[in-house]
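Worksheet: the structure to be examined is printed underneath.
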Amino acid sequence: MKNSSKIDFANTLRGFAALAVIISHYFGVFWSSRDAVADLTNSAILPLEAYPVPEFFKWVHPIIIFNWGAFGVALFFLISGFVIPFSLKKSTWYGFVGGRIFRILPTYFVGFTVTLTAIFFSSWYFGREWPFQLNEIIIHYIPGVRDIFWSRSIDGIIWTLEIEMKFYFVCLLLIALFKRNSWLVFLAPLILFGLSIVINNSLLVWSSSNPRAWQLGMSYMMASQYCIFMFVGVVFNYQFSGLIDSNKAFLIISVIFCLFCIHWYIGPYKDGFVIAWSYAFALIAFIFAYSFQSFFKSNAFFDFFANISYPLYVVHGVAGYVSLRILIDKGFGNIYALVIVTLSIIFISWLMHRYIELPSQQLSKKISRLKLNSLRLGRVDESKQESPSHLHL
């Protein structure tokens, strides 16, 4: 019953988070951040005089301090923090790494290829030169290293996947503690925060004396900030598993969220601190869903978006922007263009889920089972080899 509840409420939130990101990018960013969209798509800026911000922008974004995209990303981070410990506790380190590789890379490879194709078509349509070098593209095909190499973002969304990869690495270092259900795992956000204070105080010096150290320091400050936040989800995992009571969970969540906010406020990315409100709203939403799980039972609508959430994440951004930009340039009305592009991206995401993501996940499970069986056989063989000596004894 509890396992079903875990899947239901987390899946429902995952589906809602996927919709929140779509709302943010197609009904918000495309219209409000035209320079950034033009840069991502290598296209001409959508002129404000000819194409003013639509009326629906105001009622989709009624509160200045609430950002749909940040809200959706924060929910994804909390869900990862909640579910990853379940995987760690039943996996070996190589089983966990193999599972993550097969779950992440094949779908991302296809999604990023779609992104590059969209940029190529946009460049041709608007008469622009191809903007990327080969090394930038190769680095971008390997999630988790682009920020370390300080290479520019091509798809605009990989930064969140990079945070996920760093979080997996931190959790992998703690796998023995997770398997023992140890509270010591909550020292990790404290250590990450402590290191961030040291690095943040060194950034100014590094900016002039050691540019490479400055780049790595900036990458650490970005990753550690959100990894700290993701440990809030780990607290929910421990409370769900009966390892800590509600009062202690509330206290630890409060401390971790404060560390996250302080890190953001004093760090090099403090100009975007207003977005922390959206992370607070996401935490409130997660607490509500966790507390009233009977309201978040499985349903076809949110289950569908939960299933396609990862393909939708990797493919919707630039490809959607390019499609919207060209359709509007061709005279399609705003609403018609949005409906066509949204439905098309959802369909492409479903195809990727059906023919890329699911097969790669099934292959990962088969490899894990083969590895597990080989280990069991190895133990059996060892016991057989040892049996004669035991008889002599």
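The values are calculated or read from the model by the stated rules, or taken from the named source; none is laboratory data. Just so you know, these numbers come straight off a predicted model, no measurement behind them. For neighbour counting, all protein chains shown are included, and Cβ atoms are generated from backbone atoms with ideal geometry for every residue, glycine included. Ligands, DNA and RNA are excluded from the accessible area calculation, which covers all protein heavy atoms including side chains. Shrake-Rupley method; radii C 1.70, N 1.55, O 1.52, S 1.80 Å.
Cβ-Cβ distances below 7 Å connect the following pairs, each with a first residue in the range 42-54 that is touching a residue at least 60 places away in the same chain (Cβ under 8 Å) and farther than 20 Å from Thr117 by Cα, a second residue that is open to solvent by less than 50 Å² (accessible area, probe 1.4 Å) and basic (Lys, Arg), and a separation of six or more residues or different chains: Leu46/Arg34; Leu46/Arg325. Out of all the residues in the range 38-93, which are touching a Gly at 6+ places or on another chain (Cβ under 8 Å) and under 30 Å from Trp124 (Cβ atoms)? Scanning the range 38-93 gives Leu40, Phe57, Gly69.
Residues of the range 189-198 include none that is in contact with a helix residue (DSSP H, G or I) (Cβ under 8 Å, 6 or more places away or on another chain), at pLDDT 95 or above and over 30 Å from Gln239 (Cα atoms).
A Cβ distance below 6 Å, combined with a sequence gap of six or more or placement on separate chains, defines the contacts here; from the range 174-186, residues that are closer than 16 Å to Val232 by Cβ reach residues that are assigned to a loop (DSSP other than H, G, I, E, B) in the pairs Val185/Leu174.
Search the range 12-37 for residues that are in contact (Cβ under 8 Å) with a residue 24 or more places away in the chain and farther than 19 Å from Phe304 by Cβ and pair each with any residue that is crowded, with 20+ Cβ neighbours inside 10 Å and of a type in the set (S, T, N, Q) when their beta-carbon atoms are under 7 Å apart and the residues are at least 6 apart or on different chains. Partner pairs satisfying both residue conditions: Ser24/Asn67. Against the definition (among the aromatic types (Phe, Trp, Tyr), under 22 Å from the mean Cα position of the chain (by Cα) and either on the phi > 0 side of the Ramachandran plot or open to solvent by 60 Å² or more (accessible area, probe 1.4 Å) (or both)), how does Phe16 come out, yes or no? Yes: the conditions hold for Phe16.
Considering Phe273, Phe295, which residue is free of Cβ contacts under 8 Å to residues at least 60 places away in the same chain, in a helix (DSSP H, G or I) and more than 30 Å from Ser224 (Cβ to Cβ)?
Phe295
Does Phe305 satisfy the condition of being open to solvent by less than 70 Å² (accessible area, probe 1.4 Å), assigned to a helix (DSSP H, G or I) and more than 24 Å from Asp39 (Cα to Cα)?
Against the criterion (open to solvent by less than 70 Å² (accessible area, probe 1.4 Å), assigned to a helix (DSSP H, G or I) and more than 24 Å from Asp39 (Cα to Cα)), Phe305 qualifies.
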